[in-house]
């Protein structure tokens, strides 16, 4: 611990309590609010959405397994018992760090004593934003219902298509990027086509569906040990997924994808290949890495701004072994907790700065409906036992008894009856895809 | 029973079975398919949506009580065990009754031997279609999520609004039309504002919300006996709803409504005042009433077309006591059953035509979360006991164990904890409303 010359203990603001403004109600922002319970501060939590989203299960909404409301909660409802917390539905447009105020889309400003940026990330197309209409990513509930509509509409169009080539394109699904989300999407779509869908169609055999998982790197689940990557690949292939490695996608269009010189006709492309941080670094004019992530100090403050913290996917910071802290929920929550402790310490007059230490609990990924891989460091698990741990962990981390029951019930139906409860095509026709 | 000169027994088509094409997978169309089980026909069921919708609970999606997937089922999934049934996602653009073919939006045609129109109705604005952007109705899942977003966004805007007049407008909800849907919406929104919302907001007192139910006729629930109407009105008023009777709404705009010379500023208007049948009558050039409903013969065939039936909200036909058969689910299902029996009889060579006889089982309407009125004819029920019958009846008529459990679980949470599970603002900002 070193004394930070700038992080002096902040006395209560004249006429009121210390004001903490938090931008973003994801895992990091919400954990921070929870950990500030009892600390004498007034909190304003701003988010562009009215709901907190359990992103690790978003792919299950996209694949018709879960309903949107089962993995999302109104933010102000979660904080209704905290009178010192004000929830604001609004979009931040900039930060005036000299005046210590957040600028909002309606032209108003919100003053802060301490600011915490927990604004997350969007998917990134590596300089090819024009691919987005053809290859949606998966970060919001709207993303998930868009992907769900595309997947279900592809089967519907195939059922009505008489031209064999166009029918084959409708029955070809490309997932770009073989991280956990890509692996989970590919496995689930393959099962949807091979197990859930066949009895429902009359003109097509959905078991002939092609699901391709295309990865630029040398293996799937690059963040996992090599033996678990190999197991995941074998499991995906036995579900019918075609795994393509070492081939970056060089084009996405309404026709399909191009990779490694191949042109593949595909109606449905899903992007799971990369993320770009929110514009928090631009708001501050602060240093960032190539993905736009703020380069914070070891105590998670922004350089030259000890009163501004940043957590979660919007920052880059090294963890143990000098590897970057991964962009996963437990990391964001640990950072939120660290910031809460720092704020509480400062209010007590403690001017030492404590660097954030990340503890990696483990990495999990589901493969299809009943297999998973888990890397706990020393212990590695795979197969059905890993799936049970994966399932129980995810249900445990959901909020509220009702949602836990609802998700467990949906999984029970998927496992015992191969029925997926949310096969709804809503929001009208998608106009960016071929008819 | 009279012999219909046109309805001769239809022999099997040369080279194949008799082809029944059904347009619309609502209560009438789906019941028809179920009742045709075992009858030697090939069935094609066409719908613009991929899902069957349990419309009687749609207002509960609009008021954040239920999730979309809890009251909707993929049509082809419901019929997966019926190989003789082909489900088609498509839009009908016309009917060539001379050639006996249905025209689809992709330019293809679908030949039929027997055609059944079960295309339902949309809400109608009595010649003021320009009101629709300001006063959405409630017929589809998209309608329900639109209304839900408007209701929730109104509270959010009020929370951020400093001008008292604009804040009051955001906290004013107008429901036009006091039939069952209007009554159910008004009661639920009032409870949302008075019971569910207050602990969640910091700058507004949601208990000051005004909910107005405006009806052109002399009483609420005009289809019910007068004493139940009076009870429903008293119950609504005790929930805080302002019931305005005998006042037609003469204008809807982004500012609010005008009724009986009054101008009322309101951000949220919901239309529950009238329906207009689908264009089935226009497709056929057949006689229709002012609301566009086909005037069918007593056996539900279209005049001069014994091979074309129509059922449900798209037809008008008199029931017992010469009162028109109401546009409710049980009526549509009874009509679907009648058409199935007629088709089966004709295939057996039975040329007599049997008129449809409607049996009214009862009328039900919920008022708030724990009261209801039921009119079984001789027996009239109201209050909590009526609510239990209402609730059990609706759960019984849902499809599948999982959805029954999910809906029951949601109602349990609403009753015991005043929590509504689907308070999600999705699909981005609504651009037709003032910011």
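A short reminder: the numbers here are calculations on the coordinates, not readings from a lab. If you're wondering where the values come from, they're calculated on a predicted model, not measured in any experiment. Heads up, the Cβs are rebuilt from the backbone with ideal geometry, glycines too, and the neighbour counts pull from every protein chain shown.
Of A:240, A:337, A:377, which is the most mobile in a GNM of chain A whose springs link Cα atoms less than 10 angstrom apart?
A:377
Assign one of three labels to the range A:86-129, namely rounded, prolate or oblate, based on the Cα gyration tensor with a ≥ b ≥ c the square roots of its eigenvalues; rounded applies when a/c is under 1.5, prolate when it is not and a/b is larger than b/c, and oblate otherwise.
prolate
Can you quote the Å³ per residue value for the convex hull of the Cα atoms in the range B:347-403, rounded to an integer?
131 Å³
Separation between the residue B:253 and residue B:130 pseudo-spin-labels, each 7 Å from Cα along Cα→Cβ, expressed in nm?
Output for this residue pair reads 1.0 nm.
Going by C-beta contacts inside 10 Å, put A:84, A:215 in order with the fewest on the left. Mind showing how you got there, number by number?
Details: A:84 18, A:215 27.
Least to most surrounded, the residues fall as A:84, A:215.
Select the chain A residue whose beta carbon lies nearest to the rotation axis carrying chain A onto chain B, and write the distance in whole Å.
It is A:67, 2, counting Cβ atoms only.
If I fit a long axis through the Cα atoms of helix A:384-397 and take the longest principal axis of the Cα atoms of chain A, what angle between them do I get, 0 to 90°, rounded to 10?
40 degrees
Just to be sure I understand the model, the point goes 7 Å from the Cα along the line to the Cβ. What's the resulting residue B:352 to residue B:376 distance in nm?
Distance between the two pseudo-spin positions: 3.3 nm.
How much of the pair distance distribution for the range A:233-387 lies past 24 Å, counting alpha-carbon pairs only, in percent?
On the way: 6451 of 11935 pairs.
Percent of Cα pairs beyond 24 Å in the range A:233-387: 54.
Compute the Kirkwood hydrodynamic radius of the range B:58-185, taking the inverse of the mean of 1/r over all pairs of distinct Cα atoms, and give it in Å to one decimal.
Hydrodynamic radius (Kirkwood, Cα pairs) of the range B:58-185 is 18.4 Å.
Full-extension gain between residue A:304 and residue A:42, please, as 0.36 nm times their residue separation minus the C-alpha to C-alpha distance.
Details: separation 262, 0.36 × 262 = 94.32 nm, distance 2.38 nm.
Stretched fully, the residue A:304-residue A:42 segment lengthens by 91.9 nm.
For the range B:128-171, what size does the Cα cloud have along each of its three principal axes, sorted from largest down, in whole Å?
Here the Cα extents, ordered largest to smallest, are 34, 23, 10 Å.
Could you tell me the calculated FRET efficiency between residue A:99 and residue A:359, based on Cβ-Cβ distance and R0 = 45 angstrom, to the nearest 0.05?
That gives a FRET efficiency of 0.75.
For the range A:129-273, what is the convex hull volume of its Cα atoms per residue in Å³?
104 Å³
I want to verify a result. In a Gaussian network model of chain B, Cα cutoff 10 Å, which of these has the top mean-square fluctuation: B:75, B:385, B:175?
Greatest mean-square fluctuation among the candidates belongs to B:385.
Kindly give the semi-axes, whole Å and largest first, of the ellipsoid equivalent to chain B, taking each as the square root of 5 times a Cα gyration tensor eigenvalue.
Over the Cα atoms of chain B, the ellipsoid semi-axes are 41, 22, 21 Å.
Which FRET efficiency, nearest 0.05, do residue A:17 and residue A:389 yield, Cβ-Cβ r, R0 41 Å? Walk me through the intermediate numbers first.
Details: r = 43 Å, r/R0 = 1.04.
For residue A:17 and residue A:389, the calculated efficiency is 0.45.
What ranking of A:162, A:69, B:238, A:370 emerges when the number of other C-beta atoms within 10 Å of each C-beta is taken as an exposure proxy, fewest first?
Exposure proxy ranking, most exposed first: A:162, B:238, A:370, A:69.
What is the angle, in °, between the Cα long axis of helix B:226-238 and the longest principal axis of the Cα atoms in chain B? Nearest 10 is fine, range 0 to 90.
Between the helix axis and the principal axis of chain B, the angle is about 40 degrees.
Among B:235, A:254, B:267, which comes first, second and so on when ranked by fewest other beta-carbon atoms within 10 Å?
Fewest-to-most ranking of B:235, A:254, B:267: A:254, B:235, B:267.
Taking residue A:230 in one copy and the same position in all the others, each labelled 7 Å out along Cα→Cβ, what are the pairwise distances from the first, in nm, shortest first?
8.3
Place the label 7 angstrom along Cα→C-beta at residue A:408 and in each other copy, then list the distances from the first to the rest in nm, shortest first.
Taking the point 7 Å beyond Cα along Cα→Cβ, the inter-copy spacings are 1.6 nm.
As I understand it, the value is the acute angle between the Cα axis of helix B:141-160 and the longest principal axis of the Cα atoms of chain B; what does it come to in degrees, rounded to 10?
Helix B:141-160 and the main axis of chain B meet at about 10 degrees.
Picking from A:119, A:353, A:181, which is most flexible by a Gaussian network model of chain A using Cα springs under 10 Å?
Sorting by GNM fluctuation, first place goes to A:353.
Percentage of Cα-Cα pair distances in the range B:55-128 greater than 15 Å, rounded to whole percent?
Working: 1939 of 2701 pairs.
Tail of the P(r) past 15 Å holds 72 percent of the pairs.
Can you work out the FRET efficiency for the pair residue B:290 and residue B:238, with r the C-beta to C-beta distance and R0 = 25 Å, to the nearest 0.05?
The pair residue B:290/residue B:238 has a calculated efficiency of 0.10.
Show me, bin by bin at 10 Å from 0, the whole-percent P(r) of the protein assembly as shown based on Cα pairs.
Reading the bins upward from 0: 2, 12, 20, 23, 20, 14, 7, 2, 1, 0, 0.
Could you give the spread of the C-alpha atoms of the range A:132-201 along their three principal axes, from largest to smallest, in whole angstroms?
If we take the Cα atoms of the range A:132-201, the spans are 34, 26, 20 Å.
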